[in-house]
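A quick write-up on the structure given underneath.
Where a number appears in this text, it was derived from the coordinates with a stated rule and is not lab data. A quick note: this is a predicted structure, and the numbers were derived from the prediction, not measured. Cβ placement follows ideal geometry from the backbone for every residue including glycine, while neighbour counts extend to all protein chains displayed.
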Amino acid sequence: HMYYNFLKSHNIYLEEVIQWFFQQYLKEEFNISNFIFSIPSKLSTYREKCRDILAEFEYMLQQYKCYIEYGFINHEMLELSSNGIKFNQLPSVMRNKYVYPKESLDNIFYLLFSNQSGLGYLGENKKSKDTFYELMNKEAVNYNEFENYQQTSLDYLCENKYIVIDRNGKLEWYNPNRIIILKKLYDHGVIVYNRLSSNLKKELMEMKTNDFIEFESTLLTRQEQDLLDYYLNNSKFQNGPQIRNKYSHGREGNRDENINYNNYLTIIRLVIAVIIKINDDLCLNARNN
């Protein structure tokens, strides 16, 4: 709200910046021509602006999907399509863009990173930490410092080559690169494959062979798809604002412009979020090539 109105007070309209991205920036930076994004009239009510920007948002996604699949934007073909687009159907220009953990890692996640596993606890002393991962990274720990019930889990981690126990009983990570990957997957639920070092990429491919992870090539991560679905639709979340459904189906009956204004700013934020993703997708592809 503050940003939008600050720019407006200086005769800078955020909608025009969005339009510039699609109609000038993409052409100049990536040679993507014929991308259309029409902005609402400055004189429109916010109720009208919401309806207009949502239609453009939908068409923007269709245009990008068309570009990825065919290498150019064919408006005649897009005009013949009456189907909406689902966020999980938006492709990426990158192959194997995102990495996701599979259920086979759930037990490892629990033992290494959960504060419920109890492996970070060594009794009432200064060494104890919330998680085993934190304990291993901050303290020098010995196998004999753990209770018998904890050692059963340590044996499992050792057998599956997550930790190694030296001749003096000291615990070390067996493969630090794999632990780095596991921590990223645990914290974020997803990794961008092409932003990793060659060593971590190699480790991921090994994990793929062992059926621990899976790849997807979409513009948005699963988490980002959920974010957009939550705000705009009711296909997955029944307790969200359902902004797109309300305006596209004409059910936004209240004439309270404050509500429409807040909804409009939410839509603008989501449009900008997707713009950032599109730019990131194209920049990453250009860098890799």
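So how far, in whole Å, is the C-alpha centre of region 124-180 from the one of region 274-289?
If we compute the Cα centre of each part, the gap is 40 Å.
Out of 268, 213, 90, whose Cα points farthest toward the positive end of the dipole of the chain (charges: +1 Lys, Arg; -1 Asp, Glu; placed on Cβ)?
Of the options given, the answer is 268.
Quick check: residue separation of residue 269 and residue 202 times 0.36 nm, minus the Cα distance between them. What number comes out in nm?
Value of the extension gain: 20.5 nm.
If the reach is capped at under 16 angstrom between alpha carbons, list the aspartates and glutamates near residue 8, excluding any in the same chain fewer than eight residues apart.
16
What FRET efficiency comes out for residue 88 versus residue 188 if R0 is 22 angstrom and r is the Cβ-Cβ distance? Round to the nearest 0.05.
Working: r = 18 Å, r/R0 = 0.82.
Plugging the Cβ-Cβ distance into 1/(1 + (r/R0)^6) gives 0.75.
Express the Stokes-Einstein translational diffusion coefficient of region 68-180 in µm² s⁻¹, to the nearest whole number, given a Kirkwood radius over alpha-carbon pairs, 10 °C and a viscosity of 1.306 mPa s. Mind dumping the intermediate values first?
Numbers: Rh = 17.6 Å.
Estimated diffusion coefficient is 90 µm²/s.
In bins 5 Å wide, starting from 0, what share of all Cα pairs of region 160-257 does each bin hold, as a percent?
Result returned by the calculation: 2, 10, 15, 15, 12, 9, 9, 8, 7, 5, 4, 3, 1, 1, 0.
Can you check how the C-alpha radius of gyration of region 1-152 compares to 2.2 N^0.38 Å, as a plain ratio? Write out the running numbers ahead of the final one.
Values: Rg = 26.5 Å, N = 152, 2.2 N^0.38 = 14.8 Å.
Compactness ratio reported: 1.79.
Give me the three principal axis extents of region 190-237 from the C-alpha atoms, as integers in angstrom, largest value leading.
Taking the Cα atoms of region 190-237, the three principal extents are 40, 21, 12 Å.
Within 10 Å, count the other beta carbons around each residue, average over each peptide in 40-47, 240-247, 18-25, and list them highest first.
The densest-packed peptide leads the list: 240-247, 18-25, 40-47.
Using a 10 angstrom cutoff on alpha carbons, build the Gaussian network for the chain and name the most mobile of 51, 167, 222.
Looking only at 51, 167, 222, the biggest GNM fluctuation is shown by 167.
Residues of region 150-173 with the amide nitrogen closer than 19 Å to a label point 7 Å from the Cα of residue 102, along Cα-to-Cβ, please.
What the label zone holds, given the 19 Å backbone N cut-off, is 160-162.
Select from 146, 123, 54 the residue farthest towards the positive end of the dipole of the chain; place +1 on Cβ of Lys and Arg, -1 on Cβ of Asp and Glu, and compute about the Cα centre.
54
Per the Kirkwood treatment, what hydrodynamic radius in Å, one decimal, follows for region 137-208 from the mean inverse distance over all distinct Cα pairs?
Values: mean 1/r = 0.0730 Å⁻¹.
The answer is 13.7 Å.
Per-residue counts of other Cβ atoms within 10 Å, averaged by peptide: what ranking do you get for 56-64, 170-178, highest first?
The densest-packed peptide leads the list: 56-64, 170-178.
Under the 0.36 nm per residue contour assumption, what length would be gained going from the current alpha-carbon distance of residue 10 and residue 170 to full extension? Kindly include the intermediate steps, with their values, before the conclusion.
On the way: separation 160, 0.36 × 160 = 57.60 nm, distance 6.36 nm.
Gain on extension, residue 10 to residue 170, equals 51.2 nm.
What spacing in nm lies between the two simple spin-label points modelled at residue 152 and residue 222, each 7 Å away from Cα in the Cβ direction?
About 3.0 nm separates the two model spin labels.
Given 0.36 nm per residue, what is the gain on full extension from residue 209 to residue 235 after removing their alpha carbon distance, in nm?
That pair, residue 209 and residue 235, stretches by 6.0 nm at full extension.
With 18 Å as the cut-off, how large is the P(r) tail for region 226-289, expressed as percent of Cα-Cα pairs?
That fraction is 48 percent.
Binning every alpha carbon pair distance of the chain at 5 Å from zero, what are the percents per bin?
Binned Cα distances yield the sequence 1, 5, 10, 12, 12, 12, 10, 9, 8, 7, 6, 5, 3, 1, 0, 0.
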